[in-house]
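Here's the structure, in C-alpha cells; my notes come after.
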Amino acid sequence: MCRSIKTLRPPAIPEDATEEEIRAAALQYVRKVSGFRAPAAHNREVFDRAVDAVAEATAELLAGIEVRGAKSQAAEQPAAKAPAV
C-alpha cells in the first residue's frame, strides 16, 4: 500500500473526507500504480481520467461505508427542547 495515502473515514478522521482529500488519495494511488509522478504529455489524458475514476469510486465507497459502533450525527446533536406551555 502507498504509505502517503491516509485513511479517509471516521474514526481515523473526525469528519467526512473533503473532495480535496479524496482527490489527493486518488492521485497518489494512480502515481503508485502507473509508476509516474507526473505523466508525459502523451499520457496526461489517460492519467487524469484514471485519477477522476479513482476519486469517484473512493467518494462512492466512503458514502456507503457503515462504521459499526460509530455514533450517528443525529445522536450527537442535542434534541430540540419542546416549547413551554
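The values are calculated or read from the model by the stated rules, or taken from the named source; none is laboratory data. Note that the structure is predicted; figures quoted are calculated from it, not measured. For accessibility, only protein heavy atoms count, side chains too; no ligands or nucleic acids. Shrake-Rupley method; radii C 1.70, N 1.55, O 1.52, S 1.80 Å.
Observations, loosely collected:
- Applying the Karplus relation 6.51 cos²θ - 1.76 cosθ + 1.60 with θ = phi - 60° to segment 31-45 yields 3J(HN,Hα) values of 4, 5, 5, 7, x, 10, 6, 9, x, 5, 3, 6, 10, 4, 4 Hz, where x marks Gly and Pro.
- Ranked order, I5, I22 - accessible area, probe 1.4 Å, largest first: I5, I22
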